[in-house]
Amino acid sequence: DAKTTQPTSMDCAEGRAANLPCNHSTISGNEYVYWYRQIHSQGPQYIIHGLKNNETNEMASLIITEDRKSSTLILPHATLRDTAVYYCIVRVAGANSKLTFGKGITLSVRP
Amino acid sequence: EPEVTQTPSHQVTQMGQEVILRCVPISNHLYFYWYRQILGQKVEFLVSFYNNEISEKSEIFDDQFSVERPDGSNFTLKIRSTKLEDSAMYFCASSPQAKSSYEQYFGPGTRLTVT
């Protein structure tokens, strides 16, 4: 699986958009970009995924650059409960393929 | 909304003892996984399981580890002779067959403490 690079940490104000960047310059054509988060020591939580097109769901939006070498996760109105470690993972499309977690980015939402 | 559940939430055991960690995946899911996270470290893949067989395992998943789906609902991880370094959070995950991207849904974890 391709490797991802994320900043170590960032913060944002409650109610503002949080834009979390991720670089995956060696991504292959059959690899998806996934975002998960982990709140404290809870189990990782799936947020969103995409292949080429931008995606949006009830939790977040995912913007993938045209060359697919980077992406941005957007939490449109961050709340204190969004404080967590966010993982950007690239993964071969396939039923059994594992998730390879990096260190992620720690997002701190301040009041 | 269906969830992956895990029991117990916390297990304390002595070194050398056997432990079984239990998971109930989401009911219509067909792919199952175990991950672990040592305190302060990354989440690490242990094993994936499909159709009553191990699909992939990591270097961590040595002969001391085994997985089983004893019935239609449970998925277990057994550690035969625990070591101090097995102390970690163990997460079970499952994913459905129907979707092309196979996102994995994680349980809340079992904290294993080996003394």
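In the set (1) crowded, with 16+ Cβ neighbours inside 10 Å; (2) modelled with pLDDT of 95 or more; (3) among the charged types (D, E, K, R), B:Glu59 fails one condition alone, (1).
One residue stands out in the stretch A:91-111 among those that are in a strand (DSSP E or B) and polar (S, T, N, Q): the one that is nearest to the chain's Cα centre (by Cα), namely A:Thr106. Here is the figure for the stretch A:6-62: residues that are more than 14 Å from chain B (Cβ to nearest Cβ), farther than 30 Å from B:Thr110 by Cβ and within 12 Å of the chain's Cα centre (by Cα) total 7. Within the stretch A:13-32, if we keep just the residues that are modelled with pLDDT under 95 and not polar (S, T, N, Q), the residue that is nearest to A:Pro111 (Cα to Cα) turns out to be A:Tyr32. Being within 21 Å of A:Asn96 (Cβ to Cβ) and either modelled with pLDDT under 95 or not hydrophobic (A, V, I, L, M, F, W, C) (or both) is not true of B:Lys83.
If only residues of the stretch B:72-96 that are in a loop (DSSP other than H, G, I, E, B) and within 14 Å of chain A (Cβ to nearest Cβ) are counted, the one that is farthest from B:Thr5 (Cα to Cα) is B:Ser87. For the stretch A:63-74, a tally of residues being surrounded by 21 or more Cβ atoms within 10 Å (Cβ to Cβ) and either away from chain B (no Cβ under 14 Å) or of a type in the set (Ser, Thr, Tyr) (or both) returns 2.
Residues that are over 18 Å from A:Thr79 (Cβ atoms) and outside any strand (DSSP E or B) were ranked within the stretch A:33-64; the one that is modelled with the lowest pLDDT is A:Ser41.
State the number of residues belonging to the stretch A:65-90 that are in contact with a strand residue (DSSP E or B) (Cβ under 6 Å, 6 or more places away or on another chain) and either part of a strand (DSSP E or B) or basic (Lys, Arg) (or both). Number satisfying all stated conditions: 13.
The values are calculated or read from the model by the stated rules, or taken from the named source; none is laboratory data. This structure is a prediction, so every number in the text was calculated from the model and none was measured. Cβ sites come from the backbone with ideal geometry, for glycine too, and all protein chains shown count toward neighbours.
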